[in-house]
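Notes follow the structure.
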Amino acid sequence: MPALPLLQINNLQTEFSSHLGVVKAVDQVSFHLYPGETVAIVGESGSGKSVTSLSVLRLINSPPGNISGGEIMYQSRQYGMVDLLQLPEKQMQHIRGNEISMIFQEPMTSLNPVYTCGFQVREVLQWHKGLTKKEANEKTLALFEQVKLPRPDKILKSYPHEISGGQKQRVMIAMAMACNPAVLIADEPTTALDVTVQARILQLLDDLQQTHQTAILFITHDLGVVAEIADRVLVMYKGKIVEQGTVRQLFENPQHPYTKGLLACRP
Ligand code: ADP
Ligand code: MG
């Protein structure tokens, strides 16, 4: 492992306020991520996985949300070592567009239904990479090939509703990879897909990681997926990380009662 982590999160805290009071969705969370590593976050629904990942990119709307404490130290290509929580918004936008990408569970909420798939990936390349339309078109085609979309030339002209769920997720991955990110945050990217499509997407992420040394933060509630792809695992419960370790440590010798319960429920 290199000496320095790419991402080092210390005592992160994110709260939501409502008429019922304040909920600590992320409570004193600390973890790190090295280049080329896959770290999984597991935990039941509502345990704070998504809020953790959204907080890393500062995508929490305030109010009602508020990142109320901690630091997110990141080794940026552009700015060197920075605390993402202290970075001016303009630089944060650069990080979101060029260094840390995110893919979500439901591609339909991330792909715009009124633009073709090709247009949407091209936009990212023109906007963030300054490519001409022609260059962006060629690069989009190459990315669609890289994520093994069938008939990439046809997908280029297709609207999101015209392609399958697995294909939409591949378009999203192509879009996320368009900026060659140092970190890819994947929030349950395969949960909505059937098992064979899911396996292919996981294989694809693994290939991309081998080629680009991308660090992946993979959020899931599926322990089978964790066993397959993760180097290390963080277990979240009620906003806190209650246990972390290598996949092997966690599966063979779980410490926390919640982790033991999770493993006992495995099909
Ligand atoms: P997970 O991804 O592990 O299922 P989340 O991170 O989405 O869970 O949610 C953690 C907690 O934060 C939950 O209690 C949830 O109700 C709360 N929460 C998340 N987003 C919001 C929001 N936009 N407004 C209010 N509460 C929220
Ligand atoms: Mg979630």
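The values are calculated or read from the model by the stated rules, or taken from the named source; none is laboratory data. No experiment lies behind these values; they were computed from the predicted model shown. We place every Cβ from the backbone using ideal geometry, glycine too, and count neighbours over all the protein chains shown.
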With respect to the numbered conditions (1) surrounded by fewer than 19 Cβ atoms within 10 Å (Cβ to Cβ); (2) more than 16 Å from ligand 2 (Cβ to nearest atom); (3) of a type in the set (Gly, Ala, Ser); (4) in contact (Cβ under 8 Å) with a residue 12 or more places away in the chain, which one is the sole condition not fulfilled by SER110? (2)
Go through the stretch 1-23 and count every residue that is surrounded by 12 or more Cβ atoms within 10 Å (Cβ to Cβ) and of a type in the set (Ser, Thr, Tyr). 2
Please go through the stretch 206-221 and give me each residue that is aliphatic (A, V, I, L, M) and at pLDDT below 90, ordered by number. LEU208
All but one of (1) farther than 24 Å from LEU54 by Cα; (2) in a helix (DSSP H, G or I) hold for ARG266, so report the exception by its number. (2)
Of everything in the stretch 66-90, what is in contact with a Leu (Cβ under 9 Å, 6 or more places away or on another chain) and either on the phi > 0 side of the Ramachandran plot or not aromatic (Phe, Trp, Tyr) (or both)? Give them in sequence order. ILE67, GLY69, GLY70, GLU71, ILE72, MET73, GLN75, SER76, MET81, LEU84, LEU85
In the stretch 240-263, residues that are in contact (Cβ under 8 Å) with a residue 12 or more places away in the chain, over 19 Å from LYS49 (Cα atoms) and not in a helix (DSSP H, G or I) total 1
Residues in the stretch 218-233: is at least one surrounded by fewer than 18 Cβ atoms within 10 Å (Cβ to Cβ), part of a helix (DSSP H, G or I) and touching a residue at least 40 places away in the same chain (Cβ under 8 Å)? yes
Of the numbered conditions (1) more than 16 Å from ligand 1 (Cβ to nearest atom); (2) surrounded by 19 or more Cβ atoms within 10 Å (Cβ to Cβ), ASP83 satisfies every one except a single condition; which is it? (2)
Residues that are in contact (Cβ under 8 Å) with a residue 60 or more places away in the chain and not β-branched (Val, Ile, Thr): list the strands (runs of 3 or more DSSP E) wholly contained in the stretch 1-53 that include at least 2 such residues. 7-18, 21-33
Just checking, does the stretch 104-124 include any residue being in contact with a Cys (Cβ under 9 Å, 6 or more places away or on another chain), over 28 Å from LYS238 (Cβ atoms) and part of a helix (DSSP H, G or I)? yes
Out of (1) under 24 Å from SER55 (Cβ atoms); (2) away from ligand 1 (no atom under 16 Å from the Cβ); (3) surrounded by fewer than 19 Cβ atoms within 10 Å (Cβ to Cβ), the odd one out for ALA178 is which? (3)
Residue that is farthest from LYS238 (Cα to Cα) [pool: residues in the stretch 6-58 that are within 16 Å of ligand 2 (Cβ to nearest atom) and out of contact with any strand residue (DSSP E or B) (no Cβ under 7 Å at 6 or more places or on another chain)]: LEU54
Count - residues of the stretch 144-164 that are assigned to a helix (DSSP H, G or I) and either more than 21 Å from the chain's Cα centre (by Cα) or under 15 Å from THR116 (Cα atoms) (or both): 10
Flag for GLN75 being surrounded by 14 or more Cβ atoms within 10 Å (Cβ to Cβ), modelled with pLDDT under 95, of a type outside the set (A, V, I, L, M, F, W, C) and under 22 Å from ASP231 (Cα atoms): no
Report every pair of residues separated by at least 6 positions or lying on different chains whose Cβ atoms are under 9 Å apart, first residue within the stretch 152-167 and without any contact (Cβ under 8 Å) to a residue 24 or more places away in the chain and more than 16 Å from ARG122 (Cβ to Cβ), second assigned to a loop (DSSP other than H, G, I, E, B) and hydrophobic (A, V, I, L, M, F, W, C). GLN167/LEU149
Give the residue, chosen from ILE155, ILE67, that is touching a helix residue (DSSP H, G or I) at 6+ places or on another chain (Cβ under 7 Å), closer than 30 Å to GLY239 by Cβ and among the hydrophobic types (A, V, I, L, M, F, W, C). ILE67
Yes or no: LYS49 closer than 29 Å to GLN213 by Cβ, surrounded by 17 or more Cβ atoms within 10 Å (Cβ to Cβ) and basic (Lys, Arg)? yes
